[in-house]
Amino acid sequence: IADFVEGNTHKVLLMVPSGFETAITAVNSRIGFGFELESSPSGTGFNVSTKLGGGWRLLTPASGGDIGGFQTSFNLNTNQDWTIVCRLIVQSGGDGRMFVGLQDVVGSGTGSNVIGFRRSGDNNFFGVVDDGGTETTRDTGVNQSGDTEHRFKIVVSGGGAKVQFYFNGSQVGADVTTNIPSSSTMALGLMLAAISGAGSADGSDFFAWREA
């Protein structure tokens, strides 16, 4: 965690920096300001990206259903109005699952109480909020294609009363004001789950901030 001042406003910053030449594979290894490698079955690793300059690569194991990812090692509160941004190239093995954002439990964004972007199977990227199993979604209309880079942004405001999703610089659908979870036990991170074959996500500029 790092503090900084912008426009005379004190803010708190979380970030994942560039990758490491030697892959990090041990669970709970620290990989950034406030982030740890969360799940590490055989084949999972975090190292330097070969596709995004100054970026990192997260690899999933080859076994179907296994999850690889990283997230904050402490809880965040949705009423703190976090803004989350990242650049990603997602290659989910065998049309696996991807989730980036806030979630109550370790996983790939398929459970209850989440705020983030999700890709499930060979489908588009969706913005999704879920409160206790009831969700509201925003369809980007875009799937991953080859090594195409996409920019994701999530803005929580109004003390957790409103969520806005931005994809490649444009807002996705209308503001979301329903089914937003109210939780003080959220973790921020990126999770990948392969169905058949290993997957990967190359990323850069993974930041989250809020006013202190």
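The values are calculated or read from the model by the stated rules, or taken from the named source; none is laboratory data. Note that the structure is predicted; figures quoted are calculated from it, not measured. Reconstructed Cβ throughout: ideal geometry from the backbone, glycine too, with neighbour counts over all protein chains shown. To get the accessible areas, we keep the full protein, side chains included, count just its heavy atoms, and leave off ligands, DNA and RNA. Shrake-Rupley method; radii C 1.70, N 1.55, O 1.52, S 1.80 Å.
Round to a whole number: what % of the accessible area of the stretch 139-184 belongs to carbon and sulfur, probe 1.4 Å?
41
Please list, by residue number, everything in the stretch 148-169 whose backbone N is under 16 Å from a paramagnetic label point 7 Å out along Cα→Cβ of Thr136.
So the set is 154-166.
Thr60's amide H: which non-local residues (gap 5+, or another chain) put their own amide H closer than 5 Å, with H modeled 1.01 Å from N in plane and none for Pro or chain starts?
HN-HN under 5 Å from Thr60: Gly199, Ser200.
Given labels modelled 7 Å from the Cα in the Cβ direction, how far is it in nm from Gln80 to Lys162?
Placing both labels 7 Å beyond Cα along the Cβ direction yields 2.2 nm.
If the chain between Ser170 and Asn123 were fully stretched, how many nm would it gain, using 0.36 nm times the residue separation less the Cα-Cα distance?
Here the segment from Ser170 to Asn123 would lengthen by 15.0 nm.
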